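Each remark here refers to the structure printed beneath this line.
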Amino acid sequence: MNIYLIGYRCTGKTTVGKLLAQNLGWPVMDSDIELVNEQGRPISKIVESNGWDAFRDIEKKAIQKLSLLDRHVIATGGGAVLNVENVNTMKKSGKLVWLKAKPETIHRRMTMDCNTEKSRPALTDKGVFGEIEETLKIRNPIYQEAMDIAIDTDQLTPEDICRIIQEKLIGEQSSA
């Protein structure tokens with residue numbers, strides 16, 4: 001079984017993924033990093049050159065490859081759940097943990113993240129906060145449908161989030 005971290009940008013998937021993997025003694029993978037390494041260029045360049053549809057195809061292949069692993073913590077790109085095949089692939093090999101946050105929290109974290117502009121292309125022309133709000137309205141129901149566990153990360157530390165994930169997964173496994 002793998003643990004897949006899903007959710008919007010800057011909800012803590014990468015940070016929590018590293019800490020959770022350390023706690024479990026499992027390797028950690030990041031689907032965005034894997035596909036960037038495989039493509040030899042950042043996501044922004046892939047999208048700029050080939051468009052979002054081509055990027056989503058590359059992302060799907062990365063998810064399929066990562067799903068062949070076992071006992072890994074896998075941080076996914078924010079839009080990975082937009083493709084129902086990705087969700088089905090991840091569900092067959094693990095549990096999906098939705099890390100969520102309020103638009104204000106995401107915006108604050110994005111402004112503090114120096115990698116956001118160079119590696120994460122804009123999804124809309126609404127400005128940063130408008131984009132966050134608009135995209136969450138579309139994606140939140142998809143994250144809700146896909147997830148096995150949801151955690152609101154607004155007021156929690158990465159350590160708290162990991163503890164909750166471990167408690168909920170252990171509780172879920174012992175009741176199965």
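What to note about this one:
- Between ILE164, ILE151, the distinction of being crowded, with 20+ Cβ neighbours inside 10 Å, more than 29 Å from ARG41 (Cα to Cα) and at pLDDT 95 or above belongs to ILE151 only.
- Any chance ILE33 is farther than 19 Å from ASP160 by Cβ and buried (at least 20 other Cβ atoms within 10 Å of the Cβ): no
- Residue satisfying all of: in region 117-136; over 21 Å from GLU59 (Cβ atoms) and part of a helix (DSSP H, G or I); modelled with the highest pLDDT among these: GLU133
Let's see how each residue does on (1) closer than 26 Å to THR111 by Cα; (2) in contact (Cβ under 8 Å) with a residue 24 or more places away in the chain; (3) out of contact with any Cys (no Cβ under 6 Å at 6 or more places or on another chain):
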position	(1), (2), (3)
LEU5	yes, yes, yes
LYS13	yes, yes, yes
GLY25	no, no, yes
GLU34	yes, yes, yes
ARG41	yes, no, yes
ILE58	no, no, yes
LEU68	no, yes, yes
THR76	yes, yes, yes
ALA80	yes, yes, yes
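- Options ARG108, ARG139: the member that is modelled with pLDDT under 95 and either part of a helix (DSSP H, G or I) or within 24 Å of LYS168 (Cβ to Cβ) (or both): ARG108
- Pairs, first in contact (Cβ under 8 Å) with a residue 60 or more places away in the chain in region 145-165, second in a loop (DSSP other than H, G, I, E, B) and not hydroxyl-bearing (Ser, Thr, Tyr), C-beta under 9 Å, six or more apart: MET147/GLY7; THR153/GLY7; THR153/GLY12; THR153/ALA101; PRO158/GLY12; ILE161/GLY12
The values are calculated or read from the model by the stated rules, or taken from the named source; none is laboratory data. Given the structure is predicted, the values throughout are model-derived calculations rather than measurements. Reconstructed Cβ throughout: ideal geometry from the backbone, glycine too, with neighbour counts over all protein chains shown.
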